[in-house]
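The values are calculated or read from the model by the stated rules, or taken from the named source; none is laboratory data. Keep in mind that this is a model prediction, so the values were computed, not measured. All Cβ positions, glycine included, derive from the backbone under ideal geometry; neighbour counts span all protein chains shown. Note: accessible area is taken over every heavy atom of the protein model, side chains too, but ligands, DNA and RNA are not part of it. Shrake-Rupley method; radii C 1.70, N 1.55, O 1.52, S 1.80 Å.
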Amino acid sequence: MNQFYYDAVTKMEQAGVADEYIQGWQCGFLQNPKREDQRLTEPYEAGYADGEEKNVDNFADWVQD
């Protein structure tokens, strides 16, 4: 497994990031196709875009209260 991927997901989970964002980030990072349109959410799409770019700088915006 890719250590960067593992560390990023672990850090997001420990920080309390929204599950939808994490799932989107994982799918984008792994270059999986997006969900069907009716299941897309704002956190998922933001995560997907960041995952595609291998970006971990924006996940703090999606920490749940």
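Hey, can you find the accessible area per residue of the chain for me, probe 1.4 Å, expressed in square angstrom?
With the other protein chains kept in place, the chain gives 66 Å² per residue.
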Using the Kirkwood formula over every pair of different C-alpha atoms, what hydrodynamic radius in Å results for the chain? 11.4
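To the nearest 500 deg cm²/dmol, what mean residue ellipticity at 222 nm is calculated for the chain from DSSP H runs of n ≥ 4 alone, each contributing -39,500 (n - 2.57), summed and divided by the residues? List each step's numbers first, then the result.
Details: 3 runs with 35 residues, N = 65.
Per the formula, -16500 deg cm²/dmol.
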What is the gain in length, in nm to one decimal, between GLN31 and ASP61 on full extension, counting 0.36 nm per residue of separation less the C-alpha to C-alpha distance? 8.6 nm
Label points 7 Å out from Cα along the Cβ direction at TYR5 and GLN38: separation in nm? 3.0
